[in-house]
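A.B. asks: Take this structure first; my questions come after.
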Amino acid sequence: MVFKIMRLEFAKKLIEKTQNYYEQRARDFSASRQRDWPLFISFANYIKKGGSVLDLGCGNGRLYPLVLQKGADYLGLDESASLLFEAKKMYPQGKFAEGNILDLKVEDKFDAIFLIAVLHHIPSVKLRQEALCNAAKLVKTDGLVLITNWNFFQGKFCSLRLRYNLKKVLGKNKMDFNDVLYKEKRYYHGFTKREIARLLRNAGLRVVKNYYEKDGIKTVRWKGKNLVTVARK
């Protein structure tokens, strides 16, 4: 049986739906993401003193204090003006600007590029590949691209993912396999390690780490909160 892949027109509607969600709920979203994330401790090892960091989809700038602590230059880009307002309010000394990973206007190159909980919001293989190719163009030779995605193969999300997959089999779902609308409000794609590795290879990047984590500790797929991937150019 051949299943239809998502149309780009529909993918763009999903992007708009997710954008609207964050734009309308920026203050509450930011308030729920004030605490340090245990995973950030391991991220510190990838930030060079005196280096440069690009935070794609920076949200409320949660990564900025860590970069500042490491003595690196920081640029945070996000397409949500409301989230950028929250970032600038908390970190007025930080450098934040509007930017879209699918249409980057940045000319500088960076030692490290972070996509924290960003790529899973991009529908369709074509657009995800485009996003990673854009990131690859901006990372320096031997630089790093660090990615986190929600793990939709963990226990609490399995039934949701399988429900959408069943709808796909029955022809009642315009999205692709392992795509979900979380609480019917924002789009997510559930990545496998093999899938994210393939996208990065196609973008000219080499995977050096690819693992599931929970509270900063590596774990098995069905227990992990996030899929963490580190790639080098």
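A.B. asks: Considering only DSSP beta bridges whose two residues both sit in the chain, what percent are antiparallel, to the nearest 5?
C.D. replies: Roughly 55 percent of the DSSP beta bridges within the chain come out antiparallel.
A.B. asks: Turning to a different aspect of this structure: What does the charge count near Lys156 come to, summing +1 for each Lys or Arg and -1 for each Asp or Glu among other residues with Cβ under 11 Å from its Cβ?
C.D. replies: Around Lys156, the surrounding residues sum to +3.
A.B. asks: On to the next question. Going by how many other Cβ atoms sit within 10 Å of their own, how do Phe114, Phe29 line up, fewest first?
C.D. replies: Least to most surrounded, the residues fall as Phe29, Phe114.
A.B. asks: Out of residues 5 or more away from Gly143 or on other chains, whose amide H comes under 5 Å of its own, with H placed 1.01 Å from N in the peptide plane?
C.D. replies: So Gly143 has HN proximity to Lys233.
A.B. asks: Summing +1 for each Lys or Arg and -1 for each Asp or Glu, what net charge is found among the other residues whose Cβ lies under 15 Å from the Cβ of Asn165?
C.D. replies: Numbers: positive: Lys4, Arg161, Arg163, Lys167, Lys168, Lys172, Lys174; negative: Asp176, Asp179, Glu195.
Residues near Asn165 contribute +4 overall.
A.B. asks: So for Asp176, Asp28, fewest C-beta neighbours within 10 Å to most, what's the order?
C.D. replies: Asp28, Asp176
A.B. asks: Over the Cα atoms of region 85-233, compute the convex hull volume and normalise it per residue, giving Å³.
C.D. replies: Once divided by residue count, the hull of region 85-233 is 138 Å³.
A.B. asks: Also, quick follow-up: Provide the FRET efficiency to the nearest 0.05 for the Ser42-Lys183 pair, computing r from the beta carbons and using R0 = 30 Å.
C.D. replies: Using R0 = 30 Å, I get an efficiency of 0.55.
A.B. asks: Right, next: Provide the net charge surrounding Ile5, with neighbours chosen by a C-beta distance below 12 Å and charges set as Lys +1, Arg +1, Asp -1, Glu -1.
C.D. replies: So the surrounding residues net to +3.
A.B. asks: Hey, fewest Cβ within 10 Å first, where do Glu79, Glu23, Glu9, Glu98 land in order?
C.D. replies: Ordered from fewest to most neighbouring Cβ atoms within 10 Å, Glu79, Glu23, Glu9, Glu98 come out as Glu9, Glu98, Glu23, Glu79.
Every read-out reported here was derived from the displayed coordinates using simple, explicitly stated rules and does not represent laboratory data. Everything numeric in this text was worked out from a predicted model, so none of it was measured. Virtual Cβ from ideal backbone geometry, glycine too; neighbours counted across all protein chains shown.
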